[in-house]
Amino acid sequence: MGMLIRSNHLTLAVCILCLGVWCCGQADSEAAPMEKAEQTALYSAVQGFVGNWWNGSDLYPDPCGWTPIQGVSCDIVGGLWYVTALSIGPVHDNSLGCATNVEFRQQLFQLKHLKSLSFFNCFISPGRHPITIPGGKWDKLAGSLELLEFRSNPGLTGQVPTSFGYLTRLQSLVLLENGLTGELPINIGNLTNLNRLVLAGNRFTGQIPDSFGSLKELLILDLSRNSLSGHMPFALGGLTSLLKLDLSNNQLEGKLLGEIAYLKNLTLLDLRNNRFSGGLTQSIVEMHSLEELVLSSNPLGGDLMSLEWQSLQNLVILDLSNVGLTGDIPESLCGLKMVRFLGLGDNNLTGDLPSKLASLPSLRALYLNGNNLTGVLKFSEEFYGKMGRRFGAWNNPNLCYPVGLMTATNVPYGVKPCQGGVTLLEPNSRAQLGDGNLNQNSHFIASSGFSSYGIHGLWRFFLVDTLITVLLLNLFI
């Protein structure tokens, strides 16, 4: 019992000691002053974006003390507080909103320990108050800045300054959904520490610079939703660390690079809505790590039969709609055990549909609409019930489903019923020729293998035979 009490006392003493150390550390941090030049530069930089009305008077004892600015982070360097992260715009409910007229003041570039700088929904009026990114002084932040982001700023116009090329410590450069124009700066290729380069949703033109092939540390490259043209640079095949490559919604052209096969770690390849041609290359099915492959709306042409699709065992999304495919749908697609979305619509595919597609264990959406597929759909009613409208086979004139084998609620949308098979009748229905229900009986016999023309011929023969019999009886009476 005494040992237990002594043990509890020892534990309590350790806790008190740890608490004391923590409190002293907190007191030291809170007591640390902010360098005056740093505070002056921060206040001026913030006022340039939110307006001169703000003076930080409600902050105690400074922006890094007990009541910090939302969007400002600090760290102690040499016993003094310095700003390490600055986020401008309505990121949080209590963030400082941007003024109508904003300006990049030179004091922004005096924050010598700044690691992260981001602007969200701050420059919003391209017509009345457009603003451009200043060209000079970015080299002042070259020794510290690791993240630079401009997101959702339609009023941010003009070109990307070439001085961004000095920011060689950058790990993330995001210029997303702004109003930026012009060509992509070649010297972005100098930023060899980049893990993420996102330049999507702007109005960039011209070609993708070959220098981007120098960004060997890239994990994410997103240049989508611009007006980029020309060919994919061969150098992109050297970005072997890449996980996501999105070049969708541009005007890129030429053949798909064989060098894509070198991107062994790639999980997403999105090239939709471009002008790529020349068919599908073998390199596509050699990227075994792919989870999403989206090539829709390109004039690729070619066929599916020549590729071993079953090698893409991690594939979850495969969208090859509207790419000009011809020929049959191969059985190898039935080996994509992880696929959830399979889009083959709006092509020129022909032949019968492999019934094994229904056995794909993860499939949740299958679109085959707008082709020239033929024959009878051989999927089960359970399959149609599970898929619902996520199964699309409309606009295949020679494709049909078997009548009488499924309920009306599970009939595939836009597909006609087959006319060559036997249709099941209602239990109490009776086929009565000549009772005025000619169309219904015609359909019944046609579905048994006779044409509707044969029905009318038999009916006319029966009437003529009856008429002759009546005339002959009248002659003898």
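Some values worked out for this structure:
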read-out: Amide proton proximity set for F391, modelled H, under 5 Å, gap of 5+; value: L366
read-out: Relative contact order of the stretch 36-349, defined on C-alpha pairs under 8 angstrom at six or more residues apart (%); value: 8
read-out: Cα shape, the stretch 236-370, gyration tensor, a/c 1.5 rule; value: oblate
read-out: Within straight-line cross-link reach of K337, lysines at Cα separation under 27 Å, skipping those fewer than 8 residues along the same chain; value: K244, K264, K356, K378, K386
read-out: Paramagnetic label zone (point 7 Å from Cα along Cα-to-C-beta, K416; backbone N under 17 Å) in the stretch 376-399; value: 376-377, 393-399
read-out: Additional length obtainable on full extension of the chain from N193 to N398, 0.36 nm per residue less Cα span; value: 68.2 nm
read-out: FRET efficiency, 1/(1 + (r/R0)^6) with R0 25 Å, evaluated for R275 and M305 via beta carbons; value: 0.55
read-out: Separation in nanometres of the label points that stand 7 Å from Cα toward Cβ, at V77 and R105; value: 2.0
read-out: Per-residue ³J(HN,Hα) for the stretch 306-323, Karplus 6.51 cos²θ - 1.76 cosθ + 1.60, θ = phi - 60°, Hz, x for Gly and Pro; value: 7, 10, 8, 5, 5, 6, 8, 6, 9, 5, 10, 10, 10, 10, 10, 6, 6, 10
read-out: ³J(HN,Hα), Karplus 6.51/-1.76/1.60, whole Hz, each residue of the stretch 214-231, x for Gly, Pro; value: 7, 8, 5, 8, 4, 9, 10, 10, 10, 10, 5, 6, 10, 10, 6, 9, x, 9
read-out: Sites W54 and S241 - FRET efficiency at Förster radius 30 Å, r taken between beta-carbons, to 0.05; value: 0.10
read-out: The stretch 89-168: relative contact order in percent, alpha carbon pairs under 8 Å with at least 6 residues between; value: 34
read-out: Accessible area in square angstrom per residue, the stretch 36-349, 1.4 angstrom probe; value: 41
read-out: Pairwise centroid distance, computed over Cα atoms, of the stretch 135-170 with the stretch 283-300, Å; value: 33
read-out: Relative contact order (%) - the stretch 275-374, alpha-carbon pairs under 8 angstrom, separation at least six; value: 24
read-out: Inter-label distance, nm, simple model (7 Å from Cα along the C-beta direction), T350/D328; value: 1.2
read-out: Prolate/oblate/rounded label for the stretch 150-277 (Cα gyration tensor, a/c 1.5); value: oblate
read-out: For N314, distant residues with modelled amide H under 5 Å away; value: none
read-out: Protein accessible area in the stretch 67-171, 1.4 Å probe - carbon and sulfur %; value: 47
read-out: Residue list for the stretch 188-215, given a label point 7 angstrom along the Cα-to-Cβ vector of A142 and an amide N cut-off under 18 Å; value: 188-194
read-out: At most 16 other Cβ within 10 Å, DSSP loop - GluC sites (Glu not before Pro), the stretch 211-292; value: E217
read-out: Estimated D of the stretch 36-349 in µm² per second, where Rh is the Kirkwood radius over Cα pairs and Stokes-Einstein applies at 20 °C, 1.002 mPa s; value: 100
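The values are calculated or read from the model by the stated rules, or taken from the named source; none is laboratory data. These numbers were taken from a predicted model, which means no experiment stands behind them. As a convention, Cβ positions derive from the backbone with ideal geometry for all residues, glycine included, and neighbour counts pool all protein chains shown. For accessibility, only protein heavy atoms count, side chains too; no ligands or nucleic acids. Shrake-Rupley method; radii C 1.70, N 1.55, O 1.52, S 1.80 Å.
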